[in-house]
Number of protein chains: 2
Amino acid sequence: MYKKLKNYLVFFSIICLVVSCNDESVTKTDSISQSQHPKLILTAQGVTAIRAQLGNIPIFDKTLETIKAEIDAEIEAGIDVPVPKDYSGGYTHVKHKRNWFVLQKAGLLYQILEDEKYAKYVKDMLMQYEELYKTLPLHPRTRSYARGKLFWQCLNDSNWLVYVSQAYDCIYNYLSDEERNKLENNLFKPFADHISIDSPQFYQRVHNHSTWGNAAVGMIGLVMDDQELIDRALYGIKDLKLDTKEKDDDGGFLNKDGKAGFLANIEEPFSPDGYYNEGPYYQRYAMYPFLIFAEGLHNVRPELKIFEYKDGVLLKSINALLNLSDADGDFFPLNDGQKGMSYYTSALVTAVDISYHFGTQDPGLLSIAKEQDRVLLDDSGLAVALGIKNGKAEPFNKKSINLSDGPNGEQGGVAILRHEDIELVFKYAAQGSSHGHYDKLSYSLYEKGEEILQDYGLSRFVNIEQKGGGNYLKENKTWAKQTIAHNTVTQNETSHFNGKYEIGSQHHSVLNYFSSENKNIQVASAKESNAYPGTEMLRTMAIIKDEDFEKPYMLDIMKVTSNKVNKYDFPYYFLGQVIQTNFDYKTPKTLTTLGDKNGYQHLFVEGTAKAFSDNSKLSWLNKGKFYTLTTLTNTNDELLFTRIGANDPEFNLRREAALMLRRKNAKNTLFVSAIEAHGSYSPITESAVNSNSSLKELKVVLDTETYTAIQITNLNGNAKLFITVNTEASKEAKHNLKINHKNYEWSGSYYFK
Amino acid sequence: MYKKLKNYLVFFSIICLVVSCNDESVTKTDSISQSQHPKLILTAQGVTAIRAQLGNIPIFDKTLETIKAEIDAEIEAGIDVPVPKDYSGGYTHVKHKRNWFVLQKAGLLYQILEDEKYAKYVKDMLMQYEELYKTLPLHPRTRSYARGKLFWQCLNDSNWLVYVSQAYDCIYNYLSDEERNKLENNLFKPFADHISIDSPQFYQRVHNHSTWGNAAVGMIGLVMDDQELIDRALYGIKDLKLDTKEKDDDGGFLNKDGKAGFLANIEEPFSPDGYYNEGPYYQRYAMYPFLIFAEGLHNVRPELKIFEYKDGVLLKSINALLNLSDADGDFFPLNDGQKGMSYYTSALVTAVDISYHFGTQDPGLLSIAKEQDRVLLDDSGLAVALGIKNGKAEPFNKKSINLSDGPNGEQGGVAILRHEDIELVFKYAAQGSSHGHYDKLSYSLYEKGEEILQDYGLSRFVNIEQKGGGNYLKENKTWAKQTIAHNTVTQNETSHFNGKYEIGSQHHSVLNYFSSENKNIQVASAKESNAYPGTEMLRTMAIIKDEDFEKPYMLDIMKVTSNKVNKYDFPYYFLGQVIQTNFDYKTPKTLTTLGDKNGYQHLFVEGTAKAFSDNSKLSWLNKGKFYTLTTLTNTNDELLFTRIGANDPEFNLRREAALMLRRKNAKNTLFVSAIEAHGSYSPITESAVNSNSSLKELKVVLDTETYTAIQITNLNGNAKLFITVNTEASKEAKHNLKINHKNYEWSGSYYFK
């Protein structure tokens, strides 16, 4: 057997050499006839190489063994292709979803193991789908704006076809012409038509849903060698223009500017840095169709140079996505993002393997692949497995990074400041499509993968049928998207842009400056001028490592300038147990809500205080670590302890706390805060280490249109000065400033000493 | 150097052979003169054996290296012996506490490494203590019933002396006669007197505090060879009787029956099974003085046969304690127990090593020692290190176990039912001394170390100074100890025994039966007749593994018999997110408290419902697993969702939920519930597996004084019958019962089929 494989290898090598002397094209493109299969993801050459290495590539062998066991059990259990009936989480939904994965994997096994039982299984199940599909009306559940046939939404039908195209490619040569005609005419072609021509409101737009649709149509087109389908995938449905004012289920515009097709879907949502406008949770979801279709295009239509499209943005986006995760690999839950989703998800196995293989063979990716502990069973997975086997893996070091948003990188962005175990995620992006939240200049803060100040994320239990069918809950709109649910300023108890998508989607925040050159002082500064007309918010956030403090601390300067008097609410969504405050507070006997709309209706007030000193402090303990917030207050300020969970008739919300600073009757104002992570507590040793703040005082020593200067004094009396440039900040500009008779000279966007 | 060691070894071996031909005494007792040092914990022979093995015993070598690095850093930093000033958590407290550990470890290093710098360091610090101690009045902080001098309470002074005795023993021979006299006369003797003769309310009683006192006095007595101190340690202060009615800070009696001394402290709190009456958290704390003093006695006074005392209860107690931990090694938080304390604590390193060395060399203990990843640097640690090195470790398998309570094992007990990943802890013990809760027949339920239904534990942040000095918070009494804080029945909104320790401490529950022979059906049943005069509660709890269910489920039958009409509240302290109920509930706009005393004042009502069917169901999700409670209700029952945290002016309580079943106007009644653990949810795959209950119906088919029979029907309609014997249950008794014209015959305490 081994010898036979070796012979194949030699044979193919010769063919390849004959066809092309360019090494690149030998390894990475299909130089053989379009009619050869497999060609889409697995390639004929890849299969040969894999077979030759089997038993000798540990992570690949292990993945193969796992998948073989899984599929053998499925084959044992028998095929079920039920008549569609349920929403997400229900039996028929789960079964058809399961089937798409099983088909794709069984196809791979047939190719790699050359065992016909897998081909037969795929064929048998596809024939049952063919039998069923031609009888199907629209799915009986009506909640979607674009109903599928196998599933309640076209989106899931598209998922199915993206995977099943791969299975079909793998057994293509196993089938007779007649069988292929039957499947293509009764199943694949009508299937592709339903999710595209019959569902333009789903297909003909720039949206993650459409990307799935495009990939589905394109991939089956590549396998079937159907140019019309391929074009429809790349460029959208020919000559079709949709009403640009219509909206989808989530409140997003259906097709605001008439763009459509896979290339437009790459063009629009990705910034040049690879940031995806809906945020990492949806990027992770969208990555699979982007990358798997790109891999197919690369293999079958190498002349398109898809991985070089838009300056290589697809591969850049993988790097951006990996950087949008915390120390545990969990994605930051920007916009609608379910917490706990991480780079261990299978879409990221695809992303990491493809990025390694088709990119620059970054050895850092191999260490992530090792943590993922599995690879794709295809050419790229083989490359990763060989890289790991040959000891090439190196740590994937996440650094501070600034990711622009918008197709041209001119619609704000997301800055991540990192030092030691502290990570700060500062969002000054555009709206983030229909999944965006009204959270301009919001942030969240992490220590070693644990939340210090949280972003709530979404209100949804994805795929848990008992919770609203696994779909968005109404609290997602009434709570999770609202400004007050975020660590930013709410003005007059209304959300940014009045919580209106039509307005929000026209605007974005603007970077003032980002500076990460000095690893001890990481700073990002951005301005928002449209969330509240007449009010400007400039927020400057820094992670500062200073010898006077145990760990890097966060400094936060929010400068608000308004043309009228307002009420500002500024919450801190801390997690854990209150340890100490330096202010006296009262706790009410009965809990009432803080307000009746814009998210306020979901907050109970658990404690109230009048700030009485210049610095108000709250210390808390979470997961064995102490944290202290120090914030500048005046005696007119109120401090509120709030708890999420009011007006929550189905217990959809988590009962989590915040301290809220409320400043009334203020026009221009400055919020200045520091958060220290310090010390530790172990319930095993029962020792509390460094449980007190090291910060004695925060003080504004200057605040002008151009500069804001904050003095930070530690417990020993050591004082440092941080000066941020509020206007026209630049790396080069020289500054000369007198504060209290002392001259400060520096060049760049900030001063710290 | 090595050769020199070898020579020593030969030399000692010869001496040993001359002195005794009994191998046992060679290895485990000090056959050499009482004046030889070290002799207390490290022994001269032990030191020789250790030195001979160094470099060849990985876990020992690693521990030594860690401790050496730690102590070298301390020596580098210099000595500080501050004037006492603070409560727990404050600087002087923390420093003196640190010093005792450092002294003990430095002493060990001197003996093992033969480097005089360690001896000098210990001497220098002891001399500073001598200098300070003779000037000290009582500690300035006055909160304790028995103030120490170095610390605010004698308890901590005793901790200090227990450790420092070991350090003194290690450098005894390094010191001159004059130096020893100085230390003994000005420091150790007055120190021992202060915590005993001068503080009889602390010393002269049966209590974990006194155990520390006894051990401290006894250990320094053994080192100093002072018979009077040794006797005072073993038997208490001679001829002293205390007022038997006085109470300590925690509300416990100071000395109810006049017993005192180390032997009485072994006699009283341990049951013959080794259960410690205050529960595992305090047992863990008490174990160190028990075992370390016992080891010292064993070494210096082998004729006392301390490890055989009371049928070997000290070693049995270690086994009991290890069994009182969950799958992660965390102790069940019975009574006042801080969650998270586990067998990774250093006291358990002592316990495991001593149990292995002086017990039966149970290979299961070696696997725990491996997890602890360190050993004692003494003879027992050497034995463990050698055992591990020689590959003797085997898994420590925790099984179902019934631990009797009370000096003679006749005061109820604690039953732990285990099957697969499910653990149920059922408490039918005596009051548990002053640290007991009013929680008769309460239980908690775990899956793989995670809480399904929690026991709240205590209300205290041990050693976190900002939270009430790290001491018990007032909510410990007003909430944590109250009956309503536990998973058991509260009658008429009053706690068991009216929450009075004087009454509670006179009573205990009584075992009906415990059965663990059939691993698929683990049952414990117990009765409480005194908590509410005129009311009897018989609770039968089972963990049943049945093929109709994915995992073992809990069945709970609480039979209440009363001489009058009452209101019963029966809470389920679930953790996590509500997923589904089969009853409609209303959530109030404002949250008010459930009551105004006995713990009710700490509960907000978050939801209310009238039960409308025979079975009320609640499903929830916690840490990726689904759970469903099914409980028998009638249409008069109320269901309340409660949340802890009302009347909590300093945020001392955790905001956690319960579902509470309230049954009014009932005299005799039956509560029957099942809890299923089922399925899983992963935020990475986003797939919800088996998220629905498999239980269709719970039904009472018979309930008499003698028998209660519950029918359990699963979703497929398969019905099983569980019959429990309510009176005079025994393994042998034969039963014959007709239910609905069908005969059931069995022998034993229960029937299940």
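The values are calculated or read from the model by the stated rules, or taken from the named source; none is laboratory data. This is a predicted model, so every value here is computed, not measured. So basically every Cβ, Gly included, is an ideal-geometry build from the backbone, and we count neighbours across all protein chains shown. What goes into the accessible areas is simple: the full protein's heavy atoms, side chains included, and nothing from ligands, DNA or RNA. Shrake-Rupley method; radii C 1.70, N 1.55, O 1.52, S 1.80 Å.
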Computed label-point distance, nm, for sites B:Glu493 and B:Asn665 using a 7 Å Cα→Cβ extension: 1.8
Distance histogram for the protein assembly as shown (every C-alpha pair counted, 10 angstrom bins, percent rounded to whole numbers): 1, 7, 13, 17, 18, 18, 14, 8, 3, 1, 0
Inter-copy label distances at B:Lys134 (7 Å, Cα→Cβ; nm, one decimal): 10.7
Placed amide H near B:Tyr572: partners under 5 Å, 5+ positions off or other chain: B:Leu659, B:Met660, B:Leu661
Test item: A:685-691 mean partner chain Cβ contacts at 10 Å: 6
Gain in span if fully extended, B:Asn408 to B:Asp239, counting 0.36 nm per residue against the direct Cα distance: 58.2 nm
³J(HN,Hα) computed for each position of the stretch A:564-580 - Karplus, 6.51 cos²θ - 1.76 cosθ + 1.60, integer Hz, glycine/proline x: 8, 7, 9, 10, 10, 10, 9, x, 10, 7, 7, 10, x, 9, 4, 9, 6
Copies compared at B:Gln227 - label distances in nm, ascending, label defined 7 Å from Cα in the Cβ direction: 11.3
By average C-beta atoms within 10 angstrom, highest first, the peptides A:54-62, B:403-411: B:403-411, A:54-62
Gyration tensor verdict on chain A (Cα atoms; rounded if a/c is under 1.5, prolate if a/b is larger than b/c, oblate otherwise): prolate
Chain A, closest residue to the rotation axis toward B, by beta-carbon, whole angstrom: A:Leu591, 2
Computed lengthening from B:Thr592 to B:Lys500, 0.36 nm per intervening residue step minus Cα-Cα distance: 30.4 nm
Relative contact order computed over the stretch B:410-695 (Cα-Cα under 8 Å; 6+ residues apart), in percent: 17
Per-copy distances of the A:Lys545 label point, shortest first, in nm (7 angstrom along Cα→Cβ): 5.1
Pairwise label distance in nanometres, A:Glu114 with A:Asp72, each label 7 Å out on the Cα-Cβ vector: 1.9
Computed label-point distance, nm, for sites B:Asp614 and B:Asp225 using a 7 Å Cα→Cβ extension: 8.0
Residue-normalised accessible area of the protein assembly as shown, given per residue in Å² at a 1.4 Å probe: 36
Relative contact order computed over chain A (Cα-Cα under 8 Å; 6+ residues apart), in percent: 8
The stretch B:482-579 - percent relative contact order, Cα under 8 Å, separation 6 or more: 28
Partner chain coverage, peptide B:575-582 - average Cβ within 10 angstrom: 4
DSSP H segments from chain B that extend 30 Å or more along their own axis, Cα-based, with Kyte-Doolittle mean of -0.5 or above: B:91-113
